[in-house]
Each structure stands twice: as C-alpha cells, then as structure tokens.
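Heads up: the structure comes next, in structure tokens.
The values are calculated or read from the model by the stated rules, or taken from the named source; none is laboratory data. All values reported here derive from a predicted model rather than from experimental measurement. All Cβ positions, even for glycine, are placed from backbone atoms using ideal geometry, and neighbour counts span all protein chains on display.
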Amino acid sequence: MSQPALDGVVVVQFAAFAAGPCIGKYMANHGAYVVRVESASRPDGFRAHYPPFKDNVKGLNRSGVFAFNNDTTYSIGVNLKAPGGIEIAKKLAAKADVIIENFTPGTMRKLGLGYDALAALNPRLVMLSTCNMGQTGPRAQHPGFGSQLTSLSGFTNLAGEPGGEPVIVYGPYIDYVAVGFGYVAILAALEYRRQSGRGQYIDLAQYENGVHFLAPAILQHQLLGTSPERQGNRHDYAAPHNAYPCAEPDTWCAISVFDDDEWQRLVGVMGKPEWAASLRFATQLARKQNEAELDALVAEWTRAFPANELMMLLQKAGVHAAKVNNMPDLFADPQLVHRRFWRPVHHKEVGVHHAEMPAYDLSLTPAVEPFPDPCICEHTEAILQKLLGLSAAEIEALAAQGAVELESSVAAH
Amino acid sequence: MPSTPQPNSNYALSGCRVLDLTTPLGNLCGKILADLGADVIKIEPPSGDAGRLRSPFYPDTSGAPQSLWWLAYNNNKRGITLNLESSDGKAILTKLAKSADILIESAPPGYMDSLGVGFERLSAENPKLVYTAITPFGQNGPYRDFLADDLEIMALSGVMSLTGDPGRTPLRISLSQSEAWASLYGAMGTLTAYHHRQALLSQGVGGQAGGEGQFVDVSAQAACVILCAHAPWFWDYNRDIANREGKYMTGRTITGAKFRTVWPCRDGFLTFIIYGGPAGQKTNRALTEWMDSQSCAPPIMKQKNWDKFDVATITQPEVDEMETAIGKFFLNLTKQEFLKGGVQRGMLGYPISSAGDILADDQLVSRDFWQTLQQPGMDRPLRFPGGFAKFSEMECGVRRPAPSLGEHNSEILVSELGFSPEQLNLMREARII
C-alpha cells in the first residue's frame with residue numbers, strides 16, 4: 001500500500017454550500033489536507049438553514065447537508081471582516097497548493113484575496129473559482145442556487161410524464177456536475193504545475209458544466225430543430241422499459257427489454273401468459289407501438305412480487321431489472337455495502353452517522369477512512385500551528401482581536 | 001514512444017497517451033481526458049462502438065445516419081478498430097498498452113481478463129499504466145454481473161424514488177444521464193491515480209521507469225448516488241424518508257409546508273421557489289415589488305416583513321395564498337421576460353430551458369463557450385460545448401471532430417506500429433480491424 005494519492009496537497013476553501021466544498025471533500029477522501037475558512041458571524045448556509053438537522057433541532061454543527069459535503073475536512077475560524085483577518089487568510093493562501101472559492105464573482109478580489117494578489121505571494125498556487133454563470137458575462141452577478149440552475153441548464157424540462165408538466169429534479173443537480181469538473185480541473189492544473197512549476201487560475205461555470213451533460217440535445221437542436229422531450233421512463237426503442245409497481249405500497253422494479261431474445265426470457269419468467277403471445281407484442285416495433293398496453297399487462301404481473309425478489313428473479317434469467325431504491329434501501333443496498341460506499345463516522349455532537357465515499361476505488365492508493373465534518377471553527381488552533389507555525393500566545397492574541405475564531409468561543413446554537 | 005509529458009506545453013495532459021476502449025458508459029471519460037490535451041485513441045470493434053447507434057441521427061453528406069450522441073462525446077479522439085477476440089487484435093492492443101499512460105474501458109467485469117488483455121496482464125508489461133474500468137456496479141460484489149442500462153442504474157442509485165409525482169411512477173431524466181456521471185467520476189478517479197503516479201515519477205520512485213500505475217474501479221450506481229444530494233441524511237439522521245413530491249419542494253420547514261417549483265408561463269415553464277435565507281428574502285421582496293408594480297401583489301405578500309422572513313415556520317395556507325397570486329402573475333410572463341426581470345432585480349429564479357434557449361443565451365455566447373467544428377461529412381459547421389473550465393495558463397476544449405470508423409488505422413497501425421499497408425488490408429479483410 002502506498003501513501004494516499006493526494007498526500008501532501010494542501011487545500012484552503014473559501015466556500016459554502018455544495019459546489020465548492022464537495023470538491024474539497026473528494027480531495028480529502030484521497031488524502032489531501034483540506035481546510036475550510038469560515039466564521040461564526042457568517043456561517044455556511046448549509047449549517048444555518050437547510051434541513052435535515054439532527055433530531056430536527058437546528059444547530060451549526062447538526063446539519064446533515066453540511067455533513068455530507070464536508071466529511072474529512074478541517075475548519076478554521078477566520079473573520080475576513082475583522083482587523084487582521086485578511087492577513088491570516090493571505091498567510092494561509094501562501095501555504096496552499098489549491099484554493100477553492102465559490103463567492104459571487106469579484107468578492108474575493110474586493111477582499112484583497114483575488115488570484116493576482118495571492119499568486120504574487122504564491123506563484124505555485126492553483127485557484128479555482130466556481131459559480132453559477134462564471135466570472136464574466138452579462139449575468140455574472142445574477143444570484144442563483146444549483147437547484148434552480150438545473151432548470152436553466154435544461155434538465156428540469158426533461159423530467160416528467162409525456163405531455164405533462166415538468167417535475168423537479170431533486171437537489172442541486174448542477175452543483176454536483178460542477179463538483180466533478182472542478183475536481184478534474186484542479187488535478188489537471190496540478191499536473192501542469194508539476195511540469196511547469198507554475199500555478200494558475202481556473203474559472204468554472206456551473207451552467208456551462210451542466211450543458212456538457214446535454215451535449216447531444218445541443219446538436220439535435222442545431223441539426224434537427226427539435227429538442228428531447230419528457231418521456232416518463234420511455235426509451236427510444238426498448239419496450240417494456242419502465243418502473244413497475246411491486247407488492248408493498250410505493251415499491252417498484254425497473255424492467256427493460258432491448259431485443260427479441262430478452263423478451264422471450266421475460267415471457268418465460270412470467271410463465272408464458274397467453275397475452276404475451278399476441279401479435280401486438282411479437283416484434284420490437286410492435287412492443288414499442290403497443291407500449292401503454294404492454295406496461296399495464298406487465299404491471300399486473302409485477303404487483304405480486306416484492307421488488308427485491310423480482311429483481312433477482314429477472315436478473316437470474318438474463319433480463320434487465322432493478323429495484324427502485326428508496327433512502328433506507330440505499331443504506332442497505334448489498335452492492336453499496338460491498339463497496340463500503342457508506343462509512344460510519346462519529347461526530348461529537350450528532351453521534352454516529354455515515355459519510356458517502358467517491359464512486360471510484362483505487363487499487364494501490366484507496367481512499368482514506370473518512371472522519372466527520374468539522375464543527376464550526378473546530379481546528380483553528382491546530383491549523384494555525386500546523387500551517388503557519390504560530391504559538392499559543394500568538395493565536396490567543398489573534399483571537400482576542402477577532403481575526404480568528406476559536407471553537408470554545410463560538411456559541412453552537 | 002516516450003510518455004513523459006512535455007514541459008511548458010499548453011495542455012495539462014500533452015504527451016499523455018490514453019487507450020479508450022469504452023462503450024457509451026465511458027465515452028465522455030475519454031473525451032474529458034482528450035479535452036485536457038491527452039492523445040486519446042478510441043479503439044472500437046470493427047463493427048463500431050455501440051455509441052454510433054444512439055439516436056438522434058442526422059444523415060451525413062453521403063446519406064449515412066450519424067449519431068449525434070457519438071459526435072458529442074467522442075470528439076478530440078483519434079479512432080482505430082480492433083477485434084479483441086482475434087489473436088492479432090490482442091497482440092496489437094498489448095503492444096499499444098506497453099507505451100500507454102492510461103487505459104479506460106467499460107466492458108463487463110472479467111471480460112478483458114478473459115481475453116488476456118485485462119489489467120493484470122497489461123500492467124505486468126507496463127507497471128506505470130493507469131487502468132480505469134467503468135461498469136454499472138463495479139468489478140465485484142453481489143450485483144457485479146447484473147444487466148443494467150440507464151434505467152436500472154438510476155433505479156438502484158435511489159434518485160428515481162425522489163423524482164416524479166407522489167405515489168406515481170418513479171422517473172428517470174428522459175435524456176440518459178448515468179453514462180455522463182459514470183464517465184465524470186471515471187475521469188476523477190483516473191486523474192487521482194495519475195496524480196499519484198506522476199508524483200512518484202517526480203520523486204524518482206517506482207522502479208527504473210519511475211511512477212506507479214494502478215487499477216481504478218468505477219461504479220456507475222455509486223456515481224449516481226450524488227443525484228440524491230442530501231436526501232439520504234433525512235434517514236441517516238432522523239429516520240425520515242425523503243420522497244418524491246412532483247413539482248413541489250419539501251424538507252425546508254418544520255410545519256411540513258411544501259413549495260411549488262415549476263410554474264407555467266406564457267411560452268413554457270419557469271422555476272421559482274419561495275426561499276429562505278438572505279437570498280430568498282431579497283428575492284421575495286423583489287418579486288413582491290415587481291408584482292405590485294403591476295397591481296398583482298396580494299396583501300399577504302405586501303404586508304410581509306421579508307427581512308425577518310423565516311421559511312422554516314411558514315404554514316401551508318400562507319404558502320398557498322402567495323402561490324395563487326404568484327402563479328397568476330407568472331402566466332403573463334414569457335421565459336425571457338422572467339429572466340430579464342429576475343436579473344434586473346437580483347432575484348433567484350430561472351426559465352425552464354430547452355436546448356434552443358441555451359443556444360440563444362447571451363451569457364454563454366459572451367463567454368465564448370461554444371466552439372464551432374466542421375464535422376467531416378456534415379453539411380454545416382456545428383456549435384459544440386467548449387472547454388469545461390477556463391484556465392489562465394492552459395487550453396481546454398474541442399480540437400478535432402469525432403473520428404469516423406477506423407479513420408486512423410493507417411496512421412497508427414502503419415506509421416506508428418510498423419505494419420505494412422498490405423498487412424492492413426489483410427487485417428481488414430480478415431476482420432481483425
């Protein structure tokens with residue numbers, strides 16, 4: 001076993017919500033030392049406003065959405081608006097390999113923490129700015145959250161029943177597309193730095209990242225003048241292709257059949273019912289044409305089965321099938337459990353809960369065991385000692401002037 | 001061929017050779033590496049990658065239908081064909097892998113090993129090789145051999161339980177997304193392993209050649225769990241089950257109130273949500289003023305002290321009253337009017353766009369986001385999404401069109417590997433390439 005893949009990489013985050021912090025989290029999962037700069041005077045919106053809170057009691061250290069975006073990272077309290085705060089931030093930047101920020105464009109520069117200023121202190125710095133629209137352009141200052149940007153980027157339009165209204169795509173979908181591209185961009189810049197000795201600035205637009213996931217639709221519109229439409233669960237040619245109701249209320253099993261042979265296998269599992277021999281379902285085209293009726297008939301059959309049993313039965317027979325996991329199912333999912341995708345962590349205020357691991361397993365440098373998301377300002381002293389070599393007295397003085405914040409002086413509720 | 005990247009070149013991955021044996025599940029992964037400057041060779045079976053059969057299609061100038069999915073996700077790559085079930089095909093792949101930096105594939109677990117060209121064999125000849133395998137569930141485990149396309153991956157990722165109307169069929173997004181997510185995480189994992197290898201190379205660690213490759217096992221199911229966002233933590237923390245609510249958003253209040261998110265307007269739909277926090281307060285105040293300027297604002301909104309508004313405590317009857325008035329107001333706006341007004345007033349909210357709206361968006365045009373490429377055989381140049389990031393020192397984006405089938409067989413097999421043109425013909429006829 002070698003050292004973790006990102007061992008020795010120091011990341012400092014001036015970031016809140018999802019799009020910035022989750023990049024840091026993934027880097028931490030592979031051994032980077034990731035520090036979030038925060039202040040009790042302006043806590044991360046995820047800490048302050050978004051359920052779920054443990055036991056439904058609000059608290060800066062009780063947020064589930066904060067937890068899952070920030071495991072395995074450290075928290076330093078720095079008040080950028082207090083005397084001496086910016087200076088500390090600059091000193092941290094001088095020690096960083098990577099800075100991640102997701103403020104409104106221009107904010108970091110106004111604070112004196114723009115790339116030009118920080119690169120002057122640290123020419124090897126890789127700095128990533130991630131925001132909705134990018135750093136430039138007529139709408140760069142338009143505020144937005146990822147859950148709504150998902151609509152501007154074209155995804156909401158594509159969820160729902162044919163002919164019906166769109167339904168919401170859960171959560172800040174776009175933010176996580178941008179997390180992935182942001183991670184890739186940072187590692188690319190670190191590789192460039194390894195060759196050239198130079199850092200650089202990265203301007204990432206979440207909107208643009210989302211468009212990559214719709215690239216075929218972009219070409220379709222240009223060439224055919226059409227757009228993909230909401231189709232429920234339908235597929236271009238496979239039928240049956242849907243989620244079918246199973247025995248328990250609100251349990252479902254996805255089934256898809258791509259060719260004649262697979263259809264025959266499904267028919268076999270169903271016990272060769274008479275209806276399945278109808279000419280209306282005899283060929284690929286016919287099944288697609290008579291899809292609505294086919295769905296109803298398959299659903300009558302699936303209702304008798306528990307979803308998990310149906311999935312196993314069909315997969316054994318060589319038919320595409322998958323239970324629709326709900327949230328409790330997800331934690332118990334045998335494949336995710338096998339991959340150790342959910343790792344228990346023990347948070348000092350919340351207790352035991354789970355961290356979500358990256359979707360890639362590296363054979364020689366696996367992910368490090370995660371530790372819980374930090375309490376606000378939890379590691380101020382430790383980080384100031386480790387990165388800046390400050391003494392206890394120096395730290396105390398900075399805390400007294402309000403430039404840094406210690407956990408002990410932060411009111412948790 | 002040396003595989004150490006050249007210093008001071010304009011791309012992160014200049015000089016990095018990638019062998020891309022992916023199916024649609026991994027096509028975008030190869031493209032991401034290519035966008036960063038890697039020399040990506042797409043290796044397809046002689047009959048072509050399954051991605052060439054994905055609709056929509058558009059006929060090229062010879063009349064042959066071209067897959068737009070293929071064109072979108074395979075630009076920046078050169079392309080050769082190899083029949084990996086033939087001994088010559090295996091030998092060629094093995095030879096290419098000896099000097100490659102990265103190999104990516106998305107075959108069923110065990111398939112490449114069964115052919116004798118899996119990670120174990122190839123890395124024995126090239127210990128520096130980073131080998132990424134993208135599959136629906138991973139290389140082993142109880143679901144390893146399950147048949148899964150987009151619908152099954154989305155079902156098992158949990159996200160379908162969160163999409164659609166309550167009590168009705170759980171839904172996937174109608175343009176398949178699991179391939180893009182699996183590919184994105186594939187690129188993340190690949191570059192993580194590559195970073196490790198390159199760090200050791202710099203330190204002079206790892207044998208004579210330096211550096212250390214490894215196997216990267218990517219699960220599409222695991223990649224798609226992120227689509228559930230924070231929903232798992234309602235269960236993990238409080239044993240509450242987050243569920244689909246159609247066009248409503250829940251989970252923001254202690255009253256259990258739900259908020260409308262999708263609104264019909266004059267020419268389509270808008271997304272707007274009564275939000276909390278500072279941004280929400282500002283938005284709600286701005287909307288109230290906008291509605292009031294047209295005498296549409298109801299008393300409940302005009303009388304609200306938005307600066308003190310705490311969304312967590314609002315009741316459903318209050319929400320319903322506001323949303324009735326908001327809904328009527330939105331019906332009279334076009335998507336563009338809503339966006340323009342929202343930008344002017346600093347409000348959260350967007351039109352629900354389709355591809356046409358996105359192509360026309362001046363924000364993207366002004367940032368030079370679109371890159372125009374003349375795809376050979378197409379009757380007009382096309383705009384493609386450009387670089388996924390703007391780097392101050394490096395290039396990133398579209399450089400060359402997607403390859404036609406076997407387009408670079410001669411360039412790579414003859415000029416690089418030293419086969420003769422006659423051997424190339426022989427291999428073509430024998431379906432080795």
Checklist line | Qualifying position, being out of contact with any strand residue (DSSP E or B) (no Cβ under 7 Å at 6 or more places or on another chain) and within 7 Å of chain A (Cβ to nearest Cβ), among B:Gln203, B:Gln177 | finding: B:Gln177
Next item on the list: Name the helices (runs of 4 or more DSSP H) wholly inside the stretch B:37-153 in which the number of residues that are of a type in the set (D, E, K, R) and assigned by TED's automatic domain parsing to the domain that holds B:Ala193 is 3 or more.
Entry: B:87-98, B:119-125
Note to self: Pairs needed: first member in the stretch A:93-120, part of a helix (DSSP H, G or I); second member anywhere, among the polar types (S, T, N, Q); C-beta distance under 7 Å; at least 6 residues apart or different chains.
What the structure shows: A:Ala93/A:Asn122; A:Ala94/A:Asn122
Next item on the list: Would you confirm whether any residue within the stretch B:27-35 is touching an Asp or Glu at 6+ places or on another chain (Cβ under 9 Å) and surrounded by fewer than 24 Cβ atoms within 10 Å (Cβ to Cβ)?
Entry: no
Next item on the list: Determine, yes or no, whether A:Glu309 is over 23 Å from B:Leu147 (Cα atoms) and either in contact with a Gly (Cβ under 8 Å, 6 or more places away or on another chain) or acidic (Asp, Glu) (or both).
Entry: no
Check: On the given criteria, is B:Ile412 of a type outside the set (Ser, Thr, Tyr), at pLDDT 95 or above and touching a Ser or Thr at 6+ places or on another chain (Cβ under 7 Å)?
Finding: no
Notebook entry, point to check: What do you reckon, is B:Gly377 within 10 Å of chain A (Cβ to nearest Cβ), of a type in the set (Gly, Ala, Ser) and either under 21 Å from A:Gly144 (Cβ atoms) or part of a loop (DSSP other than H, G, I, E, B) (or both)?
Noted result: no
Note to self: Here are the criteria: (1) surrounded by 15 or more Cβ atoms within 10 Å (Cβ to Cβ); (2) more than 13 Å from every other protein chain (Cβ to nearest Cβ); (3) closer than 16 Å to B:Thr23 by Cβ. Tell me which single one B:Gly110 does not satisfy.
What the structure shows: (1)
Item checked: Residues of the stretch A:24-71 satisfying the condition of being buried (at least 21 other Cβ atoms within 10 Å of the Cβ), over 27 Å from A:Ser2 (Cα atoms) and of a type in the set (Val, Ile, Thr) -> A:Val37, A:Val65
Next item on the list: Out of the residues in the stretch B:292-307 that are part of a loop (DSSP other than H, G, I, E, B) and in contact (Cβ under 8 Å) with a residue 12 or more places away in the chain, state the one that is farthest from A:Val169 (Cα to Cα).
Entry: B:Gln294
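A quick yes/no check of all residues on (1) closer than 24 Å to A:Asn69 by Cα; (2) touching a residue at least 40 places away in the same chain (Cβ under 8 Å):
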residue: B:Ser219; (1), (2): yes, yes
residue: B:Val225; (1), (2): yes, yes
residue: B:Tyr237; (1), (2): yes, no
residue: B:Asn243; (1), (2): yes, yes
residue: B:Arg260; (1), (2): no, yes
residue: B:Ile273; (1), (2): yes, yes
residue: B:Pro278; (1), (2): yes, no
residue: B:Trp290; (1), (2): no, yes
Checklist line | Which numbered condition A:Asp55 fails, given (1) free of Cβ contacts under 8 Å to residues at least 40 places away in the same chain; (2) more than 28 Å from A:Phe181 (Cβ to Cβ); (3) outside any helix (DSSP H, G or I) | finding: (3)
Next item on the list: Identify, from the list B:Gly118, B:Gly167, the residue that is closer than 30 Å to A:Ser256 by Cα, away from every other protein chain (no Cβ under 11 Å) and surrounded by fewer than 21 Cβ atoms within 10 Å (Cβ to Cβ).
Entry: B:Gly118
